[in-house]
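Just so it is clear, none of the values below were taken in a lab; they were calculated from the coordinates. The shown structure was predicted, so the numbers you read here are calculated from the model rather than taken from an experiment. As a convention, Cβ positions derive from the backbone with ideal geometry for all residues, glycine included, and neighbour counts pool all protein chains shown.
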Amino acid sequence: MTLLSVQGLSKNYGVLQAADAVGFELADREALAIIGPNGAGKSTCFNMIGGQIQPDAGTVQFNGRDITGLPARNLFRAGIGRTFQIASVFRSMTVGEAVQTAMMSRDRVSLSIFRPARSYALDQAHALLNDVGLMSLADIPCQQLAYGDLKRVELALALVNRPALLLMDEPTAGMAAGERLAMMALVRETARNRGIGILFTEHDMDVVFGHADRIVVMNRGKVIAMDTPDRIRADKTVQAIYLGEET
C-alpha cells in the first residue's frame, strides 16, 4: 500500500530550479532515503513535503489525502511526525515533562495549575520513553543531556501523535560516528514496532545504505535514480556524481 505519493513537485527561486518535477512513492512501513550532493534539491523537496516550503507545482498525497502545501501543524494532526537536522526540544523541562507537554498539545489540553504537565498521561509518556531508551533520564532536564540523547528526545516528541509517517531531516547530524548507526537502528526498530514509514535525508552513507529499504538520488533538482541500496551503490551515474565525474 502506498503511504506517501509525491508527483511533479517543483520549486523555483528566480532562475534557480531547486526542484524539478520530483516524483516518488513510499510504501507503508518502508524506509526511503533521499540523498544527493550539496545543492541537489533534496532539502527543498523534503521541506515542501513537510510544509515548510510552498511548492510551485506538483502534489503530495498522504494515505490518499492531498496534503500539498499544508502547514506543519496540520500534518502533525494528520499523522505525520517530524524531526529536524538540529535537535530542538524544551530545554528547561525534564525529559518526561517535554514528552507530556507534547502529549497535551496532541490532545489539545491546556496547561494550568490544576493540570501540570508532569501529571498528564504519565503511563503513556513512560511507555514512549522506554521505547526510545530514555526512561532512566525521565527526570533529567533536557539542557543537561548529551546531544545524542537530545536527538532521542526529539524522536520521542515526533512519535507522540502516533504517526503513520516520520519525516527525518538528517536524523544523525551532529552525532559522533559511533552513535549514528545506533541511532538509526533505534529509529528503524521503533518504526517497525509501531508500523511507521520513514522518509529521511542523510549525509552519512553508512547510515543510508545500512538502513534504507530504497534510495532516491537527486542532482540539480531532479531525481536521477531510485532503487534498492545495492543497485544504487552499483549505479554508474550515481557513482559519477559522487566522485565528481559527471559530464
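Please arrange SER105, SER43 by how many other C-beta atoms lie within 10 Å of their C-beta, fewest to most. Please list the in-between numbers first.
Numbers: SER105 16, SER43 21.
In order of increasing Cβ crowding within 10 Å: SER105, SER43.
Before anything else, pin down the relative contact order of the range 183-239: Cα pairs under 8 Å, at least 6 apart, normalised by residue count, whole percent. Spell out each step's value before the answer.
Numbers: 40 pairs, mean separation 12.1, N = 57.
This gives 21 percent for the range 183-239.
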Binned at 5 Å starting from 0, the alpha-carbon pair-distance distribution of the range 101-241 in whole percents comes out as 2, 8, 17, 19, 17, 13, 9, 7, 5, 3, 1, 0, 0
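Charges only on Cβ, +1 for Lys and Arg, -1 for Asp and Glu: so what's the dipole of the chain about the Cα centre, in debye to the nearest 20?
On the way: 25 positive and 26 negative charges, 133 e Å.
The calculated dipole for the chain is roughly 640 debye.
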Dividing the helical contributions, -39500 (n - 2.57) per DSSP H run of n ≥ 4, by the residues of the chain yields a 222 nm value, nearest 500 deg cm²/dmol, of -10500 deg cm²/dmol
Under 17 Å by backbone N from the virtual spin label 7 Å along Cα-to-Cβ at ARG220, the residues of the range 1-21 are 11-13, 15-21
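Given 0.36 nm per residue, what is the gain on full extension from ALA176 to ASP107 after removing their alpha carbon distance, in nm? The partial results should precede the final answer.
Numbers: separation 69, 0.36 × 69 = 24.84 nm, distance 3.52 nm.
Computed gain between ALA176 and ASP107 is 21.3 nm.
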Whole-Hz Karplus couplings 3J(HN,Hα) for the range 94-103, θ = phi - 60° and coefficients 6.51, -1.76, 1.60, Gly and Pro as x, run 6, 4, x, 5, 4, 5, 5, 5, 4, 5
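Relative contact order, percent, of the range 86-161 when contacts are C-alpha pairs under 8 Å separated by at least 6 residues? Could the numbers behind the result be given before it?
Working: 82 pairs, mean separation 36.8, N = 76.
For the range 86-161, the relative contact order is 48 percent.
Evaluate the charge dipole of the range 86-161 about its Cα centre and quote only its size in Debye, nearest 20, assuming +1 on the Cβ of each Lys and Arg and -1 on the Cβ of each Asp and Glu. Walk me through the intermediate numbers first.
Details: 7 positive and 7 negative charges, 41 e Å.
For the range 86-161, the charge dipole is close to 200 debye.
How large is the convex hull of the C-alpha atoms of the chain per residue, in Å³? Walk me through the numbers before you get to the answer.
Values: hull volume 31.8 nm³, N = 247.
It is 129 Å³ per residue.
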Calc'd 3J(HN,Hα), the range 63-68, phi into Karplus 6.51 cos²θ - 1.76 cosθ + 1.60 (θ = phi - 60°), Hz, glycine/Pro = x, comes to 6, x, 9, 6, 10, 4
Taking Lys and Arg as +1 and Asp and Glu as -1, residues besides GLU154 with C-beta under 11 Å from its C-beta add up to +1
